[in-house]
């Protein structure tokens, strides 16, 4: 079976690495000439809206998926009318616009922070008394890894924050004094079977995920599973989806969802019986979904901007390096390391050592 993937970055790369042992082949549509997934399949080099390349993808792929949610919605809609595309185009359209996304989540009775749409500095100024400070201004589209966001501390921040967004449509959100940030990753296949991974506790800096730790038996697991199930079923979803939460007074409040494999689930490569990447491929090809049971204690640490010395990484017991074969660049995810241990103390020791190495070369 040949899988078409819109995008050729590290998520596409890890999907291919999971699918090759299953006998799957891959074809990537990616605008960048140096796609880090390209060595694992065929690279259709060009724009996501290129009609010739889209026709080639339809002709040669048995099913098409995507690695990130900023793929043009028109591309997904076109492909859907000609071949199988999972996750569904509706999920992509909802996730691409924070205003639509928040409305959709609220319609499903999935709690979110208070929010409002703002289309001008005057509108932002007008709504701020109902939010108070601090608050967060976010672009409605094209936001990831902290991009397109500004924290509003006082009314004096409004004009500058609006200028940073360059006047694009935005939303303002109430600032949540959360206790933890967690996410749940779930997979749903074409036969409507659903599996859930243990919650992940996530730590960010400058809007970029730094560490994600698997939380077996967390007290909020059942609550998270119930909320993500509403989302999966409402979208008639197929594939892996991540739903991110703030924890407030031991209750979950949704931040956003990603209709794809997700950075906070990278620990599952070594830390679960079947990784999120393999289960995504199983889901979109309607194979039985695999066990999400954790194996020991596990976590993931991102390397941002540049890769530390590989020897130093691999001297840490139970560390597994996943390099993306990408050139160093400020703010860029270059690689990650997974830890899998058999005691909680060993996991924390490994996390501290890997964080120290990550901080040395962090260029965010």
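With the simple spin-label model, which puts each label point 7 Å out from Cα in the Cβ direction, the residue 159 to residue 348 separation comes to 4.9 nm.
In this label model, residue 321 and residue 42 are separated by 3.4 nm, measuring between points 7 Å along each Cα→Cβ vector. Spatially, segment 1-50 and segment 151-201 are offset by 28 Å when compared through their Cα centroids. Using the Cβ-Cβ distance between residue 114 and residue 190 with R0 set to 45 Å, the FRET efficiency works out to roughly 0.75. Projected onto their three principal axes, the Cα atoms of the chain cover extents of 58, 52, 39 Å, largest first.
For segment 228-288, the square roots of the Cα gyration tensor eigenvalues, ordered a ≥ b ≥ c, give a/c of at least 1.5 with a/b no greater than b/c, which places it in the oblate category. In this simple spin-label model, placing a label point 7 Å from the Cα along the Cα-to-Cβ direction at both residue 25 and residue 250 gives a separation of 5.5 nm. Between residue 225 and residue 166, residue separation times 0.36 nm minus the direct Cα-Cα distance comes to 17.5 nm.
Summary of packing: across the peptides 7-16, 248-257, 195-204, 154-163, the per-residue average of other C-beta atoms within 10 Å ranks them, highest first, as 7-16, 195-204, 248-257, 154-163. If you sort the three axes of the alpha carbon gyration tensor as a ≥ b ≥ c, you get a/c under 1.5 for segment 114-174, which makes it rounded. Annotation: extensible slack from residue 106 through residue 59 equals 13.0 nm (criterion: 0.36 nm per residue apart, minus Cα-Cα distance).
From the alpha carbon centroid of segment 269-326 to that of segment 207-241 is 17 Å. Once R0 is set to 25 Å, what does the formula 1/(1 + (r/R0)^6) return for the Cβ-Cβ distance between residue 234 and residue 293, expressed as a FRET efficiency to the nearest 0.05? Approximately 0.40, to the nearest 0.05.
No value in this document is a laboratory result; all are computed from the given coordinates. Keep in mind it's a predicted model, so treat the numbers as computed, not measured. Note: ideal-geometry Cβ built from the backbone for every residue, glycine included; neighbour counts use all protein chains shown.
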